[in-house]
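The values are calculated or read from the model by the stated rules, or taken from the named source; none is laboratory data. Quick caveat, the model's predicted, so the values are computed rather than measured. So basically every Cβ, Gly included, is an ideal-geometry build from the backbone, and we count neighbours across all protein chains shown.
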Amino acid sequence: MIQLLPDHIANQIAAGEVIQRPASVTKELVENAVDAGAASITVITVDAGRTLIQVVDNGCGMNVMDARMAFERHATSKILEFDDLQELNTFGFRGEALASVAAVAEILMLTRRSEDEVGTQLHSLAGEIPQQTAAAAAVGTSISVKNLFYNIPARRKFLKSDSAELRHIVNEFMRVALCHPEVEMKLTHNTQELYHLPVSNLRQRIVNIMGKAINQQLIDIHVETSVVNIHGFIGKPDSAKRNNNQQFFFVNNRYFRSPYFQKAVTTAYDRLLASSDIVPSFFVYFELPPANIDVNIHPAKIEIKFEDEQVIFQMLNAAIREALAKYAVAPSIDFDTEGAPEIPVIHRGMPMPVAPKINFDPKFNPFEENTEQHSSFRVPNDKVDKNWPKLYEGLPRLSPDKETFSSQEFNSQLSTLNSQFIQLRGKYLLTPVKSGVMVIDIRRARQRIYYEQYIRLLANHQHESQQQIFAETITLKPEDYLLLEGIFDELQLLGYDISAFGNNTIVINGLPANIPLVDIHEWLDELLVELHEATLNLKEKRQNILAASLAKTAAGHAVEALNPEEAQALIDTLFACENPAICPSGKPVTHIISIEELDKKLLKN
């Protein structure tokens with residue numbers, strides 16, 4: 001009953017652990033190019049890697065025998081004995097993943113060493129190598145992976161949209177690029193160049209990837225100890241965002257994820273962030289002996305075990321606190337001098353100012369009944385407002401026996417309320433209902449109202465646009481630009497006059513005339529977060545995300561009090577919505593505190 005699996009099936013099973021999507025192929029090939037000593041790496045993709053993933057490098061290349069052996073399982077150029085596993089300083093080894101990739105795709109390899117006059121070309125199909133020939137080639141290696149998962153239709157079927165798969169490819173590309181600013185790197189998708197990263201220092205590499213705006217937000221961190229060396233950059237507290245796409249950990253130039261170390265970063269920002277739902281940016285690099293870490297606890301090597309994890313946690317936390325303290329010690333000083341008193345300049349020969357004399361009666365005793373003869377500060381009787389006792393009329397008086405309001409006085413106070421709701425700190429509205437008290441979240445209520453308004457605008461194809469006096473130009477990251485480009489039609493329906501300007505730049509010429517004005521940069525950030533987290537295969541899905549993002553931004557973040565008319569209008573409009581119970585993100589807008597709950601709370605006390 002027990003039989004050995006055929007090689008092609010075993011290879012496909014092994015490929016499932018390493019090659020999960022086109023981004024997995026990109027990661028393995030780019031890392032192999034770095035290990036080969038390449039000074040320049042070019043990644044070319046077509047249809048988000050479904051049709052083609054090509055990685056071209058100018059590294060050391062391979063001879064005829066090495067090129068053939070690289071496709072064999074367990075073939076390596078880096079490990080000769082078991083102890084070598086403890087001293088690995090590279091991503092992996094040439095050919096580590098080629099056997100897995102070859103099992104699920106068609107591969108064409110062209111490679112040459114500098115000492116060879118001609119190169120070698122090798123073609124692999126479903127793990128088999130039907131031909132290997134000599135060919136003219138530049139020094140280095142070019143590997144083309146075509147028709148990924150062509151022989152595993154189920155795996156290919158479950159790939160996400162092109163925009164989602166491209167985002168994963170970009171992420172893997174960035175993780176390698178952030179480790180090696182000394183390597184020139186390019187990324188092209190469907191003939192459009194997304195990234196061209198020249199050789200630079202680390203800070204400039206981060207700016208080239210994340211955009212120029214981040215340059216002013218970076219704070220340097222650096223610490224050297226006998227356990228670990230830590231360096232890199234963290235973001236200023238006021239640059240924190242809701243998404244975590246600017247959070248990177250690297251150890252010995254290898255990207256990894258660590259919720260534990262992430263906590264060390266966030267706790268260092270304690271009480272410095274404006275809100276609990278935003279996170280800081282960081283690019284943190286650890287350097288320590290390879291023997292002190294284990295990189296083989298995860299198939300994709302994105303989780304790493306550290307020998308001195310708790311010690312490194314404390315060092316990282318202290319380093320970030322120190323960097324933030326240095327930033328806070330010398331902030332930019334920009335005092336508002338408008339309306340401030342002018343300080344006169346005293347010139348030589350001018351009379352010096354004389355301190356004013358203070359008249360006081362040393363015999364004055366405030367506890368004496370008759371102080372009129374001593375006090376020089378007594379207010380004349382004719383200046384006293386005789387109506388001052390009326391200030392306290394109508395207020396409930398404390399019972400002489402206990403410091404609580406009597407029920408009669410408390411009821412009289414409630415009867416003076418002119419409205420049917422109470423506002424609590426500008427965040428909640430409390431209104432009585434049959435079963436108890438209804439609590440309404442003001443911000444979520446606004447989101448629901450705006451959301452349904454925007455959905456109607458999209459459905460009715462209303463696109464009244466108000467032209468800007470000065471057009472606004474915004475440069476985006478390549479993957480953000482591609483996402484936004486895919487919903488230009490929906491943006492036009494809402495009244496956004498947006499056009500492409502080239503080089504991942506958009507121009508905003510007009511804004512919706514019938515939608516509350518919002519901060520365009522804040523809205524774009526919010527929208528891109530939602531787009532990155534969603535699969536946009538359906539037009540209806542895109543419209544829902546667009547409307548929800550715009551509603552969230554239009555609702556605002558600030559807590560502000562509503563006047564009675566505004567509060568009543570908010571309640572009336574909310575309950576006229578199709579679904580007033582939840583906001584666009586699915587969170588409750590209202591909550592009813594029943595009489596039974598109140599009774600239980602009061603009886604407990």
Some residue of the stretch 157-178 being within 23 Å of the chain's Cα centre (by Cα), assigned to a loop (DSSP other than H, G, I, E, B) and crowded, with 20+ Cβ neighbours inside 10 Å: yes
Test: residue in the stretch 499-514 that is in the same structural domain as residue 455 (by TED's automatic domain parsing), at pLDDT 75 or above, within 20 Å of residue 486 (Cβ to Cβ) and in a loop (DSSP other than H, G, I, E, B): yes
Scan of the stretch 524-555 for residues that are at pLDDT 70 or above and either in contact with a Phe, Trp or Tyr (Cβ under 7 Å, 6 or more places away or on another chain) or small (Gly, Ala, Ser) (or both), ordered by number: 547, 548, 549, 550, 551, 553, 554, 555
Residue satisfying all of: in the stretch 476-498; assigned to a helix (DSSP H, G or I) and in contact with a helix residue (DSSP H, G or I) (Cβ under 6 Å, 6 or more places away or on another chain); surrounded by the most Cβ atoms within 10 Å (Cβ to Cβ) among these: 479
Residue pairs meeting the criteria (Cβ under 8 Å; at least 6 apart or on separate chains; first assigned by TED's automatic domain parsing to the domain that holds residue 248, in the stretch 205-220; second of a type in the set (Phe, Trp, Tyr) and at pLDDT below 90): 219/327
Count of residues meeting criterion [touching a strand residue (DSSP E or B) at 6+ places or on another chain (Cβ under 7 Å), closer than 24 Å to residue 133 by Cβ and part of a helix (DSSP H, G or I)] in the stretch 26-76: 5
Members of the stretch 30-77 found to be of a type in the set (A, V, I, L, M), closer than 20 Å to residue 124 by Cβ, at pLDDT 90 or above and crowded, with 24+ Cβ neighbours inside 10 Å, listed by number: 30, 33, 43, 53, 62
Residue within the stretch 236-246 that is charged (D, E, K, R), under 24 Å from residue 530 (Cα atoms) and without any contact (Cβ under 8 Å) to a residue 40 or more places away in the chain present: yes
Boolean, residue 147 is at pLDDT 75 or above, out of contact with any Cys (no Cβ under 8 Å at 6 or more places or on another chain) and on the phi > 0 side of the Ramachandran plot: yes
Test: residue 107 is at pLDDT below 95, part of a strand (DSSP E or B) and within 14 Å of residue 54 (Cα to Cα): yes
Residue under evaluation residue 566, criteria (1) closer than 16 Å to residue 423 by Cβ; (2) in contact with a Phe, Trp or Tyr (Cβ under 6 Å, 6 or more places away or on another chain), criterion not met: (2)
Subset of the stretch 263-322 that is in contact with a helix residue (DSSP H, G or I) (Cβ under 9 Å, 6 or more places away or on another chain) and of a type in the set (Ser, Thr, Tyr) - its residue that is surrounded by the fewest Cβ atoms within 10 Å (Cβ to Cβ): 267
Residue within the stretch 205-224 that is crowded, with 20+ Cβ neighbours inside 10 Å, more than 16 Å from the chain's Cα centre (by Cα) and in a strand (DSSP E or B) present: yes
